[in-house]
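Take a look at the structure set out below.
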Amino acid sequence: MQTAFIWIEGIQCEKVVSPMVSPRMFPQKQEWKILPCDEIMRCKEIKNEFPDFILDKHSTSDLWNQGINITSEDEFKIIGKNFIQWCKLQSKEKIYVVSHDGTITSYRQLLSNKVLTRKDFPKDAGWVTVHC
């Protein structure tokens, strides 16, 4: 959110925060531990630190509390498809999703139906264009 805040400074746009693009391990490994930098911010914290951002009202409280970091691949596919559908319903020419490298790669894998690896992560401060 800090990156998005800096990146869109001075741009008139809707800034939506969704747990459907919260940090996600990639690939999923049950034995891996969640890193401290991947902790989910609570809605109250988000409202206090980023008052111009809108909280996604369509996500469940469970999703807001747990995020997608360690959800199974099958569960992520459902969540991911719901997020993609939500994006399409916005009827915008472009939607920019700012997120964690593991999350970006998870969505790229879902959208492309290709198996990706950590080598497919965007480079530091990198970006990926996806057309749906």
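Computed from the coordinates by the stated procedures, all read-outs in this text should not be read as laboratory data. Just so you know, these numbers come straight off a predicted model, no measurement behind them. All Cβ positions, even for glycine, are placed from backbone atoms using ideal geometry, and neighbour counts span all protein chains on display.
Exposure proxy shown here: for 9, 49, 31, the number of other Cβ atoms within 10 Å sets the order, fewest to most, as 31, 9, 49. What is the sum of charges, Lys and Arg at +1 and Asp and Glu at -1, for the other residues whose Cβ falls under 13 Å from the Cβ of residue 5? Cβ neighbours under 13 Å give a net charge of -2. Taking N as the residue count of the chain, its C-alpha radius of gyration divided by 2.2 N^0.38 Å amounts to 1.03.
Using a 10 Å cut-off around each Cβ, can you sort 91, 99 from fewest to most neighbouring Cβ atoms? All intermediate terms of the calculation are to be shown ahead of the outcome.
Details: 91 6, 99 20.
Going from least to most buried by this count: 91, 99.
The aspartates and glutamates whose alpha-carbon is closer than 12 Å to the alpha-carbon of residue 94, local same-chain residues fewer than 8 away aside, are 14. Distance from the C-alpha centroid of the range 50-68 to that of the range 98-112: 18 Å, rounded to the whole angstrom.
For the cross-link pairs 77/114; 44/123; 92/123; 47/81, the ones whose C-alpha atoms lie over 22 Å apart are 44/123; 92/123; 47/81. When each of the peptides 65-74, 13-22 is scored by how many other beta carbons lie within 10 Å of its residues on average, the order from highest to lowest is 13-22, 65-74.
Net length available on complete extension from residue 52 to residue 13 is 13.0 nm, with 0.36 nm assigned per residue and the Cα-Cα distance removed.
Mean residue ellipticity, 222 nm, helices only, the chain: the sum of -39500 (n - 2.57) across DSSP H runs of n ≥ 4, divided by residue count and rounded to 500, is -10500 deg cm²/dmol.
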